[in-house]
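A short write-up of the structure that comes next.
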Amino acid sequence: MQSIKELLLEATEKLQMASVTDARHNAALLLMDLLNCNRAYLLAHDQDNLDLELVAKYQTAIERRSKGEPPQYISGHQEFYGRSFIVNPAVLIPRPETELIIELVIKLVKEHNIHQPEILDVGTGSGCIAVTLASELASAQVTAIDISPKALAIAKKNALKHQVMHKINWLHSDLVKELPLQASFHFCCANLPYISPDERKDLAREVRDYEPELALFAPKNGLTLIKRLFNEAVPIVYSGGYLICEIGFGQEAALLSSVNSTYWQIEKTLKDLQGIARTIVLRRK
């Protein structure tokens, strides 16, 4: 038997030895997940002993984290826009900056008084964008696309979890290739792969060694898929509708210069909390 305090000290030391950033926080996070409690509980009950089965589970989690595995894959979930999403190595871990897309779509739906918004999520991954918008917008009809069948399976689990399965159409497709010819949308949202393969060596090991390559990397400086979508989305976005894409650091100028002004008006670029240009917003002419 070991106390919570002893386990946390032991785990923190192991993670520090493995060069895990913010080892104390990671140790606490994994124990809170295992015990389904908050930090206040750990502090108030730090002398409590845990049974051998819980200790073994926690030590296994710490061992995985010490090797670089992201805590989200260890716990099997990640928070996004106030909801818990199932994640595994088949899908990218949802990031806070992607919430910019959610906030913008909700704002635009209200501003334009769109009663039944039709929304396309290209490269849905865990389904965090599709499921969140289907949950937040009562009358929305969402279509979610991914090239990975394994990712679509996880996205569907998240739709079931949050009770919006009936509001989402699913499609296995390379970008929008498999969409029906008559398909049209008010919003086309995308968080596509945008990291250049040349940057692989610079990524944190948690990303480089564990998150799916298919969801991370795109050829030609990471711009290929986004540029493709700029062209392929033309016939599927209503006039006055929006194409909203998350982008990588330093990509704004190159992407905006590739926009075909015959079809698209550049509305704006949104910055994340670090002041990095993160979301390009185009409007269909």
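The values are calculated or read from the model by the stated rules, or taken from the named source; none is laboratory data. Nothing here was measured: the structure is a model prediction, and the numbers come from that model. Note that each Cβ is placed from the backbone with ideal geometry, even for glycine, and that neighbours are counted across all protein chains shown.
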What pairs come up if the first residue lies in segment 256-285 and is among the basic types (K, R), the second is outside any strand (DSSP E or B), and their beta carbons are under 7 Å apart, counting only those six or more places apart or on different chains?
R278/E97; R278/L100; R278/I247; R278/D272; R284/Y263; K285/Y263
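For residues in segment 91-138 being of a type in the set (G, A, S) and surrounded by fewer than 21 Cβ atoms within 10 Å (Cβ to Cβ), which is nearest to the chain's Cα centre (by Cα)?
So, considering only residues that are of a type in the set (G, A, S) and surrounded by fewer than 21 Cβ atoms within 10 Å (Cβ to Cβ), the one nearest to the chain's Cα centre (by Cα) is S135.
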From (1) among the aromatic types (F, W, Y); (2) touching a helix residue (DSSP H, G or I) at 6+ places or on another chain (Cβ under 7 Å); (3) more than 21 Å from G127 (Cα to Cα), pick out the condition that doesn't hold for F230.
(2)
Out of segment 229-248, which residues are assigned to a helix (DSSP H, G or I) and of a type in the set (S, T, N, Q)?
N231
Scanning segment 77-135 for residues that are touching a residue at least 40 places away in the same chain (Cβ under 8 Å), closer than 17 Å to L192 by Cα and small (G, A, S) gives A90, G123, G125, S126, G127
Report whether or not I226 is in a strand (DSSP E or B) and either farther than 28 Å from S139 by Cα or within 20 Å of the chain's Cα centre (by Cα) (or both).
no
Give D48, D22 a once-over and let me know the one that is of a type in the set (D, E, K, R), on the phi > 0 side of the Ramachandran plot and not assigned by TED's automatic domain parsing to the domain that holds P149.
D22
Filter segment 191-223 for residues that are part of a loop (DSSP other than H, G, I, E, B) and among the aromatic types (F, W, Y); the one that is surrounded by the most Cβ atoms within 10 Å (Cβ to Cβ) is Y194
